[in-house]
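Encoded as structure tokens, the structure appears first; notes follow it.
The values are calculated or read from the model by the stated rules, or taken from the named source; none is laboratory data. Only a predicted model underlies this, so the values are computations on that prediction, with no experimental measurement involved. Every residue, glycine among them, receives a Cβ derived from its backbone with ideal geometry; neighbour counts consider all protein chains shown. Quick note on the areas: whole protein, heavy atoms, side chains included, nothing else; ligands and nucleic acids left out. Shrake-Rupley method; radii C 1.70, N 1.55, O 1.52, S 1.80 Å.
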Amino acid sequence: MSKLNIVITGSSRGIGKAIYDMLDQKQCHIVGHSSREYDTQPNNIVCDLSQDEAAQTLWQSALERCDGRIDVLINNAGIFDPNPIDVDDDIWTENWRKTMTINLDAAAQLCRFAVKHWQDSRREGRIINIASRAAYRGDSPHHWHYAASKAGMVAMTKTIARAYANQSIYAFGICPGFTMTGMAEDYLESRGGDKLLADIPLGKVADPDEIAEIATFCALNAPPSMTGSILDANGASYVR
């Protein structure tokens with residue numbers, strides 16, 4: 001059997017890089033993505049998902065690198081910029097739109113391209129969307145937009161699973177809480193790390209490799225009957 005071709009957005013650091021490295025060890029053929037021009041990770045496509053048609057460009061470029069066959073799509077790219085309600089209206093709206101464009105709209109476009117690709121080729125396909133605990137619990141007063149984007153991602157994942165399971169197209173969501181990436185470290189420091197850690201019964205934030213293990217399982221081994229599952233990884237800070 002040929003190697004699985006897997007596309008991962010936001011794979012240059014944090015959770016995305018951990019997923020990339022773990023799947024690479026499983027002998028998969030991986031096409032990564034970064035928004036940073038100076039990224040040096042092998043086989044990464046560089047594009048800014050906040051720009052029009054960037055998702056389409058990324059998908060077409062990935063198809064070319066995969067000889068026309070993609071088996072798994074992992075949507076991990078996202079931003080977590082604060083957006084206080086007391087900034088100017090135009091700034092607040094622009095911040096909202098940028099977060100929605102990167103976190104949700106680009107992921108939705110890539111999911112659409114993937115579903116159509118598997119329908120046209122009549123192949124099995126898998127989507128793994130990296131959402132957040134914020135989809136269910138909400139987030140800080142400065143992050144309405146982030147929580148809303150991740151809630152949309154969860155709803156989209158469930159809808160895809162229900163719509164296309166009978167075509168062997170499966171969708172899974174992962175909802176981490178705080179994960180020890182650079183983004184989480186900055187947030188923990190800004191919000192008082194000890195106080196936030198006290199809200200996590202496990203007593204620690206997740207390591208990127210923990211989230212990567214879940215994503216790897218969904219990509220390679222999760223049984224089809226699990227499609228539509230949203231998997232939590234938050235140290236019991238939010239249970240449902």
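Given the structure, is A18 within 29 Å of Q119 (Cα to Cα) and either free of Cβ contacts under 8 Å to residues at least 24 places away in the same chain or part of a helix (DSSP H, G or I) (or both)? No, not satisfied. Evaluate the following for Y164: is it at pLDDT 95 or above, part of a helix (DSSP H, G or I), of a type in the set (S, T, Y) and open to solvent by less than 40 Å² (accessible area, probe 1.4 Å)? It is false that Y164 is at pLDDT 95 or above, part of a helix (DSSP H, G or I), of a type in the set (S, T, Y) and open to solvent by less than 40 Å² (accessible area, probe 1.4 Å). Would you please name the residue that is nearest to R13 (Cα to Cα), looking only at residues in segment 190-219 that are in a helix (DSSP H, G or I), at pLDDT 90 or above and open to solvent by less than 50 Å² (accessible area, probe 1.4 Å)? Filtering first and then ranking leaves P208.
Of all residues in segment 18-50, which are at pLDDT below 90, open to solvent by less than 60 Å² (accessible area, probe 1.4 Å) and among the acidic types (D, E)? Listed by number, the list holds a single entry, D39.
The residues of segment 106-138 that are among the polar types (S, T, N, Q) and farther than 30 Å from F178 by Cα, listed by number, are Q119, S121.
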